[in-house]
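Accompanying notes for the structure given below.
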Amino acid sequence: MAKYTVKRLLQSLLTVFIIVSIVFVLMRMLPTDYYFTEEQQMKYDEETKHDMLQAAGLLDPIPTQLFRFYRGLLRLDFGESRRIQTGVSVWSIVAGKFTISMRLGLIAMAISLAVGVILGVLQARQKDRLMDHVGTVYTVFVNSVPPLVSYSLVLAFGARILKLPSLYSNRNPGPSSILPIACLALTSIAHYALWTRRYMVDESTKDYIKLARIKGMSSQSIMVRHVLKNAFVPLAQYIPASLLLTLGGSLLVERFFSVPGMGTLMTDAINRYDTNVVQGCVFLYASLGIIGVFLGDILMMILDPRIKLAGGGETR
Amino acid sequence: MAKEPILSAKDVEIQFSLRGKILKAIRRCSLDLYEGETLAIVGESGSGKSVFTKSFLGMLDANGSITGGTIMYEGTDISKYTAEKDWLTIRGKKISMVMQDPMTSLNPLKKIGKQIQESIELNQGIKGEAARKLAIEMLKKVGIPDAERRANQYPHEFSGGMRQRVVIAIAVACRPQILICDEPTTALDVTIQAQILDLIRALQRELNMTVIYITHDLGVVANVADRVAVMYAGQIVEYGMVNEIFYDAWHPYTWALLSSLPQLGVKGEDLPTIDGTPPNLFYEVKGDAFAPRNQQALAIDFEEEPPFFDVSETHKAKTWYLDPRAPKIEQPASIKKLREQMRK
């Protein structure tokens with residue numbers, strides 16, 4: 001297991017490395033005009049601009065730039081922002097945004113796991129009865145209606161009827177976070193409920209459940225001691241990944257409520273060609289995603305004894 | 001066998017509702033079970049063998065229910081039980097069951113020792129370490145070597161035969177009075193089958209259990225059973241001591257079953273098969289359910305359902321052939337041949 005873990009860890013690092021390299025090269029392929037604001041374009045003549053680019057090292061051959069980037073990467077240093085907040089280090093920009101996204105993401109995740117799994121369990125227990133139908137309508141609604149429409153419904157309900165702030169504000173983070181969190185949770189509750197129900201229904205028709213009944217176990221204890229745990233295993237694999245990805249913030253929700261989080265930062269940085277910030281964000285997203293999958297696999301291995309993820313050339 | 005039966009099912013009817021239609025899986029089926037005996041129930045797929053016996057421990061699927069008749073066990077009519085609470089007094093403790101497929105019968109995420117322990121804790125009121133000791137003892141009893149270590153392993157670390165032993169250990173952990181074995185060897189390797197049958201027989205003797213085998217393997221029947229009941233289309237059509245069924249059967253369906261035994265085949269000739277299909281139980285069956293497939297069916301077979309006629313005190317068959325008014329019908333050659341083989 002230790003061997004496997006180390007191997008997977010190295011593979012994950014390699015993957016992140018490849019991703020950031022590709023993104024770096026792609027960014028360098030953009031025309032250099034984009035590095036200046038319209039104002040600067042007008043103000044400076046070609047020579048000044050050339051000098052500025054030269055000074056920033058942006059006219060060096062790509063391998064040289066890449067090498068410099070790697071050196072920074074080793075120290076996890078992505079340099080300074082050029083456009084978003086000129087001269088501020090990428091890390092401090094990202095860190096500020098990250099805390100906002102993370103706070104919303106973590107709360108939404110906790111709510112949706114709790115509510116979603118409980119809803120799924122209720123649905124599975126009440127299969128084909130009222131509760132199940134209510135849950136199904138909800139899941140189908142959330143999955144089939146475009147997110148912006150359901151967000152608008154949340155907004156309309158929250159802002160009009162409950163008088164909650166409709167835009168996020170840093171001065172008032174408590175109440176103004178409620179609606180973004182509700183929107184984030186809205187979709188993931190449906191997701192967790194759907195899969196919990198599905199896996200529980202699957203498990204409860206298995207033969208070993210019949211044997212548990214035969215040996216005189218009440219359906220209550222069967223639910224708790226056999227079905228729930230077994231149904232949770234396939235679900236658990238995705239929890240670390242989705243947890244880490246919610247930390248990165250949701251593009252749509254953050255745009256919708258003007259949350260100054262990671263999602264908005266990333267789109268802003270791309271729109272304004274702030275390459276260093278883009279690279280920082282990509283690195284963060286890639287790492288979170290890959291670590292999430294990795295943790296999911298490890299969790300699976302702990303929960304399910306049948307899964308022997310072999311190290312050193314063995315296959316399972 | 002003038003003893004009182006320990007379980008007596010009388011005129012049991014079981015229905016399933018499937019897509020709004022009613023399927024009569026069991027049609028007025030009666031069965032007496034005597035203490036310590038081994039009864040085999042044989043019949044083709046869909047004849048209701050499993051459904052009938054599952055009703056003894058309330059294990060019918062959710063869309064099925066007992067709609068008629070009585071199942072008397074220890075002075076109570078258990079066919080009237082509807083609450084799970086009632087069935088829990090029976091399941092595992094009094095009547096238990098071994099299912100067909102050991103590969104899926106165990107929880108893949110629980111150590112097998114724990115799975116046996118669960119059964120003991122539930123039914124014997126023993127908890128923790130003491131229950132664990134009993135579980136390990138049970139594992140030894142079903143012939144699993146190195147039981148202490150094996151108890152800490154998961155099902156996937158066991159072979160099919162070993163798993164079936166574990167399933168049996170779970171089923172008998174609480175010393176049930178009746179053990180229903182629903183095709184316990186069908187999913188197993190032929191070489192393992194005999195071992196499992198021996199194991200069940202040994203446990204039966206040791207724990208003084210009554211065993212019902214559900215099978216369509218007549219070889220198994222000949223090996224283990226004291227009595228045989230033949231089921232067709234949701235009814236028992238003939239029952240008797242194992243010799244009486246094998247060598248002096250009277251129901252045309254039993255004849256057909258026995259004639260298709262590979263052991264009776266003549267080299268170079270096709271084995272006899274039973275033409276046609278069993279009746280569709282969504283519809284009312286008129287007369288003898290087997291009549292449409294019986295080339296020697298009597299006119300009355302299509303009109304009226306035959307009652308049971310005595311062949312001997314222990315052997316009864318549900319066929320008009322045995323009615324004194326019926327034309328003289330000879331047992332088919334293959335049945336005579338079987339009888340002769342026995343004489344030798």
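FYI, it's all coordinate maths here, none of it is from the lab. As the structure is a prediction and not an experimental result, all values here were calculated from the model. Positions of Cβ are backbone-derived with ideal geometry, glycine not excepted, and every protein chain shown enters the neighbour counts.
Once you wrap a convex hull around the alpha carbon atoms of segment A:181-249, what is its projected area averaged over all directions, in nm²?
Working: hull surface 20.5 nm².
Computed as one quarter of the Cα hull surface, the answer is 5.1 nm².
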Between the helical axis of B:190-207 and the dominant principal axis of chain B, each derived from Cα atoms, what acute angle in degrees is found, rounded to the nearest 10?
80
Give me the lysines in straight-line cross-link reach of B:LYS49: C-alpha distance below 16 Å, same-chain residues under 8 apart excluded.
B:LYS10, B:LYS24
Candidate aspartates and glutamates for bridging to B:LYS140, where Cα separation is under 20 Å - those fewer than 8 sequence places away on the same chain excluded
B:GLU118, B:GLU121, B:GLU129, B:GLU148, B:GLU157, B:ASP198, B:GLU206
Tell me what chain A gives for mean residue ellipticity at 222 nm when only DSSP H runs of n ≥ 4 count, each as -39,500 (n - 2.57), the sum divided by the residue total, rounded to 500 deg cm²/dmol.
-23000 deg cm²/dmol
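Trypsin sites (Lys or Arg not before Pro), restricted to segment A:1-101: which are DSSP loop and have at most 14 other Cβ atoms within 10 Å? Walk me through the numbers on the way to the answer.
Details: sites: A:LYS3, A:LYS7, A:ARG8, A:ARG28, A:LYS43, A:LYS49, A:ARG68, A:ARG71, A:ARG75, A:ARG82, A:ARG83, A:LYS97; in loops: A:ARG75, A:ARG82, A:ARG83.
Here the trypsin sites (Lys or Arg not before Pro) that fit, given the DSSP loop and packing criteria, are A:ARG75.
Restricting things to alpha carbons, find the Rg to Rh ratio for segment B:68-193 using the Kirkwood radius for Rh. Spell out each step's value before the answer.
Values: Rg = 15.4 Å, Rh = 15.3 Å.
Expressed as Rg/Rh, it is 1.01.
Quick check on segment B:236-321: what does the Kirkwood estimate of hydrodynamic radius come out to from the alpha carbon pairs, in Å? Walk me through the numbers on the way to the answer.
Values: mean 1/r = 0.0715 Å⁻¹.
Taking every pair of different Cα atoms in segment B:236-321, averaging 1/r and inverting gives 14.0 Å.
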Alpha-carbon Debye profile of chain A, log10 I(q)/I(0) at 0.11, 0.13, 0.16 Å⁻¹
-0.86, -1.07, -1.30
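Add +1 for every Lys or Arg and -1 for every Asp or Glu among the other residues with Cβ under 13 Å from the Cβ of B:SER260, and state the total. Numbers along the way, then the final one.
Numbers: positive: B:ARG293; negative: B:GLU44, B:ASP217, B:GLU269, B:ASP270, B:ASP275.
Taking every Cβ under 13 Å from that of B:SER260, the sum is -4.
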Dividing the helical contributions, -39500 (n - 2.57) per DSSP H run of n ≥ 4, by the residues of chain B yields a 222 nm value, nearest 500 deg cm²/dmol, of -9000 deg cm²/dmol
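So in the protein assembly as shown, what percent of DSSP beta bridges are antiparallel if you round to the nearest 5?
Values: 30 of 49 bridges.
In the protein assembly as shown, approximately 60 percent of DSSP beta bridges are antiparallel ones.
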Principal axes first, then extents: for the Cα atoms of segment B:175-278, list largest minus smallest coordinate on each axis, whole Å, largest first.
45, 30, 24
Evaluate the distance, in nm, between pseudo-label points positioned 7 Å from the Cα of B:ASP86 and of B:ARG339 along their respective Cα→Cβ axes.
4.6
Segment B:SER45-B:LYS21, length gained on full extension (0.36 nm per residue, minus Cα span)
6.6 nm
So how much slack lies between A:LEU76 and A:ARG306, counting 0.36 nm per residue of separation and subtracting their Cα-Cα distance, in nm?
79.0 nm
Cα-based Rg (one decimal) and Dmax (whole number) for the protein assembly as shown, in Å?
35.7, 122
Between the helical axis of B:160-172 and the dominant principal axis of chain B, each derived from Cα atoms, what acute angle in degrees is found, rounded to the nearest 10?
90
Between segment B:211-278 and segment A:46-115, the Cα center-to-center distance that results, in Å:
80
Hey, rough spin-label estimate for B:LYS286 and B:GLU137, points 7 angstrom out along Cα→Cβ, what's it come to in nanometres?
6.1
Any idea what log10 I(q)/I(0) is at q = 0.06, 0.07 Å⁻¹ for chain B, Debye with uniform C-alpha scatterers and no solvent?
-0.23, -0.32
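Starting from the Kirkwood Rh over alpha-carbon pairs, what translational D in µm² s⁻¹ does segment B:1-94 have by Stokes-Einstein at 25 °C and 0.890 mPa s? Present the calculation step by step, with values, prior to reporting the outcome.
On the way: Rh = 14.0 Å.
This corresponds to a translational diffusion coefficient of 176 µm²/s.
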Estimated translational D of segment A:34-87 in µm²/s (Stokes, Kirkwood radius over Cα pairs; 10 °C; 1.306 mPa s)
126
B:PHE302 to B:LYS328: FRET efficiency via 1/(1 + (r/R0)^6), r the Cβ-Cβ distance, R0 25 Å, to the nearest 0.05?
0.80
What are the residues whose amide H is under 5 Å from the amide H of B:ILE41, where those residues sit 5 or more places off or on another chain and H is modelled from the backbone?
B:TYR213, B:ILE214, B:THR215, B:ALA229
Rounded to one decimal in nm, the spacing of the 7 Å Cα→Cβ label points at A:ARG225 and A:ASN172 is 5.3
What is the angle, in °, between the Cα long axis of helix B:112-124 and the longest principal axis of the Cα atoms in chain B? Nearest 10 is fine, range 0 to 90.
80
